[in-house]
Amino acid sequence: MIVLRLLALLVAFCQYCQNSSRGGDMNRRILFSFIAAALGCLGAAPSDAVANVLTCAGPFTGLGKPALEIRGGRPGGADWEFGLGTDSQSATMSVKGQQVWQSAAWLPFSLTIDAQGSAVLTYGGNTLRYAATQGGKIDVGNAVRVYVKASGTTPASSVAVRVTRINDVSGLDLPVNTSPTSTVFNDGSLALSVPAPGTSLRVDGEVQLNFQGTVPAGSRLGVTLTLGNCTAGSTWGSILQGLEQAGKIPTLERSDTLTGIDNNDNGVRDDIEAFIAANYTSTGQRTAALASAKHLQEALLAGSIGDVDVAGAISKDLSRSLNCLVKHFPGPPTTRSLQRVVTELEGVTANTRKRTVAYLDFNELLDGTTGLAPKGEYCEY
């Protein structure tokens, strides 16, 4: 749990409280969680944030045949329901697995592809393993296309899939499904940009087949995952730029430094000062936010040098600045809660990979330490 956010939760319950910061407990969703926080601070719903950040905005180009296919099939070993490889339908370039479907039941699955192009798929207690030596390496790009189809079935038959994780970003709920309005053909697809693209990939999700009686055999109900590249809007930089231009997230400086640009040398990045001035209404709110932003910036530097004593001193400063935030952001009827302000300030401060890693390292330095929240008001500006 992040120091300042933890204190914000505890201060509502007690004046003297124990502050135990455990950086290892935080899911390292590098960068994404702070993008989501920035979207949240502008009023976008979390699901909107996920869709805006991960949906491939440009043309999708597959690197080959589908790497994974999930489909209906005949009972037992008479047919296959899962195919995994460089061509999920090919007998020589994929491995096959069976599944007894239950209509309307969600079945979780997890696909992992390593740097060598081999893959492991788990589903319903089963495991499929594909080795690159079997039929070639599975190539990983910067995007994945999820496609579902229902063909030659009654309107009551349909298929749906949810993507719940891509690489380090978990807790997603990105649905793709068919709408059973035709007996001939229904389909749906979604191309998703891959956070932190590289030579490996992890995609988690769950799939649901809806049918009456016996599940339609073969590929009449099915899901495919094809790996490829999104030729526009697929990199974090272009995604962020587009969101900034649309006014959905604040425009922030993202240089390859921890300190960024601070022309007035007050310890707060100029872009964060601009964010504070634009979003906090009163002078007291702005000065309180500036104090916290200053100490959050110091936390990044402490995390980068790995000094426990320095980190402890900054943690105390953060506690004092929180007391000032409590005074100026008391909650309703104000438009911003204390916890929301803390999340916003963390988000705009740790807005690049390097800054996020430094902030996480700062919290890990304090793992297992304790302290008392200070009394009184500590407003520095």
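The table that follows gives values for the structure above.
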| item | result |
| --- | --- |
| Approximate shape of the stretch 120-181 as ellipsoid semi-axes (Cα gyration tensor, √5λ), whole Å, largest first | 27, 17, 13 |
| Cβ-derived FRET efficiency at R0 30 Å, Ser304 paired with Lys327, nearest 0.05 | 0.45 |
| Rounded Å value of the spacing that divides the Cα centres of the stretch 61-97 and the stretch 291-358 | 49 |
| Average accessible surface area per residue within the stretch 146-212, 1.4 Å rolling probe, Å² | 39 |
| For the stretch 298-365: accessible area per residue (Å², 1.4 Å) | 38 |
| Long-range HN-HN contacts of Asp367 with modeled amide H, under 5 Å | Gly23 |
| Listed residues Ile113, Ile261 arranged by accessible area, highest first, probe 1.4 Å | Ile261, Ile113 |
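The values are calculated or read from the model by the stated rules, or taken from the named source; none is laboratory data. Bear in mind the structure is a predicted one, so any value in this text is a computation, not a measurement. For neighbour counting, all protein chains shown are included, and Cβ atoms are generated from backbone atoms with ideal geometry for every residue, glycine included. Quick note on the areas: whole protein, heavy atoms, side chains included, nothing else; ligands and nucleic acids left out. Shrake-Rupley method; radii C 1.70, N 1.55, O 1.52, S 1.80 Å.
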